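Input: a single structure, listed below in structure tokens.
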Amino acid sequence: NFTGNENPVVVAQGSRDVFHDKPYIGTSNLDGAGTDDVFITWTAFYMVGPYTTGFPILFSRSLDGGATWSPPQQVSSDIVTQGSVPVKGPGGLYVVWYDFGTFSNASLDDRSDDSIKLAISTNGGQSFGSEITVADADVVEVPSPLPGWDFRTNSFPSIGVFQTDLYLVFASDPEGADAADVFFTRSTDGGASWSPREKLNDDGETGALQFFPWLAVGPDGQI
């Protein structure tokens, strides 16, 4: 029980050489012992001076309510990633993130090889299987900042689970007259395959931009 007086626990120590960014936390009964285990994913920027040599997705879990944590393990095979989100379901522990593709300034600028990736653990986070591409051809990062604005944006995914069904949303700005939109896709086989992407917003203004989507799934399956 949180009383507001607990001392903070270090999950991963930063330094001049490592910058930990955008952590997301989840909880579930991972080991069947009747306790709420906790897990965190984040991006680790490995630095050499002011430059990064890569920024993969890392994962750590706690089996004692957050008192101690496992050594961070890399979940993504690529090292140019951001915006990870973990969620637990009956079929396993799922981690999604945004993948920028090849590590070069040119690829980051042209955004042509971006994708949404998924990794699944069936043993409570001890290890993860080969990552799955949820979406790629229609994944183009939203401009940051947006034209005429000065705040940062992103196209990071959000994921929810109900039984063996997975639901995912993300923002994208593919080629064409229509500006950034929010897209939805689902998997009915535990993440192995995904439905064609569906645009959720129905605005008739091609210049309007939609971004920052998020979702949650209730115990009855309502999204």
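The values are calculated or read from the model by the stated rules, or taken from the named source; none is laboratory data. Nothing here was measured: the structure is a model prediction, and the numbers come from that model. Glycine also receives a Cβ, built like all others from the backbone with ideal geometry; neighbour counts cover every protein chain displayed. Protein only, heavy atoms only, side chains kept; ligands, DNA and RNA dropped before computing areas. Shrake-Rupley method; radii C 1.70, N 1.55, O 1.52, S 1.80 Å.
Scanning segment 45-57 for residues that are assigned to a loop (DSSP other than H, G, I, E, B) and either over 18 Å from L93 (Cβ atoms) or among the polar types (S, T, N, Q) (or both), which turns out farthest from the chain's Cα centre (by Cα)?
G49
Run R152 past the list (1) surrounded by 12 or more Cβ atoms within 10 Å (Cβ to Cβ); (2) under 25 Å from I79 (Cβ atoms); (3) in contact with a Pro (Cβ under 8 Å, 6 or more places away or on another chain) and report the number of the one that doesn't hold.
Status for R152: all satisfied but (1).
Quick check on segment 114-130. Is at least one of its residues touching a residue at least 12 places away in the same chain (Cβ under 8 Å), among the acidic types (D, E) and open to solvent by 40 Å² or more (accessible area, probe 1.4 Å)?
no
Quick check on this structure: which one of G221, G191, G148, G124 is out of contact with any strand residue (DSSP E or B) (no Cβ under 8 Å at 6 or more places or on another chain) and on the phi > 0 side of the Ramachandran plot?
Result: G148 is the single residue among G221, G191, G148, G124 that is out of contact with any strand residue (DSSP E or B) (no Cβ under 8 Å at 6 or more places or on another chain) and on the phi > 0 side of the Ramachandran plot.
Tell me whether segment 200-211 contains one or more residues that are part of a loop (DSSP other than H, G, I, E, B), in contact (Cβ under 8 Å) with a residue 40 or more places away in the chain, under 22 Å from V134 (Cβ atoms) and within 16 Å of the chain's Cα centre (by Cα).
Yes, segment 200-211 contains at least one residue that is part of a loop (DSSP other than H, G, I, E, B), in contact (Cβ under 8 Å) with a residue 40 or more places away in the chain, under 22 Å from V134 (Cβ atoms) and within 16 Å of the chain's Cα centre (by Cα).
Yes or no, residue by residue, for (1) part of a strand (DSSP E or B); (2) touching a residue at least 24 places away in the same chain (Cβ under 8 Å); (3) open to solvent by less than 40 Å² (accessible area, probe 1.4 Å):
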| residue | (1), (2), (3) |
| --- | --- |
| F39 | yes, yes, yes |
| T43 | yes, yes, yes |
| F59 | yes, yes, yes |
| G65 | no, yes, no |
| P71 | no, no, no |
| S76 | no, yes, yes |
| T81 | yes, yes, yes |
| S84 | yes, yes, yes |
| V95 | yes, yes, yes |
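Select from segment 155-173 the residues that are open to solvent by less than 10 Å² (accessible area, probe 1.4 Å), farther than 15 Å from T133 by Cα and hydrophobic (A, V, I, L, M, F, W, C) and list them in ascending order.
A171
Hey, does segment 174-190 have a residue that's over 23 Å from E131 (Cα atoms), open to solvent by 70 Å² or more (accessible area, probe 1.4 Å) and either at pLDDT below 95 or assigned to a loop (DSSP other than H, G, I, E, B) (or both)?
yes
Of the residues that make up segment 116-125, is at least one at pLDDT below 90, under 25 Å from D181 (Cβ atoms) and of a type outside the set (S, T, Y)?
no
What's the total number of residues in segment 112-143 that are in contact with a Phe, Trp or Tyr (Cβ under 8 Å, 6 or more places away or on another chain) and in a loop (DSSP other than H, G, I, E, B)?
Counting residues in segment 112-143 that are in contact with a Phe, Trp or Tyr (Cβ under 8 Å, 6 or more places away or on another chain) and in a loop (DSSP other than H, G, I, E, B) gives 8.
For segment 193-204, give me the residue count where each residue is of a type outside the set (S, T, N, Q) and either open to solvent by less than 70 Å² (accessible area, probe 1.4 Å) or at pLDDT 95 or above (or both).
The number of residues fulfilling the criteria is 2.
Checking L215 against (1) open to solvent by 70 Å² or more (accessible area, probe 1.4 Å); (2) in a loop (DSSP other than H, G, I, E, B), which single condition isn't satisfied?
Failed condition: (1).
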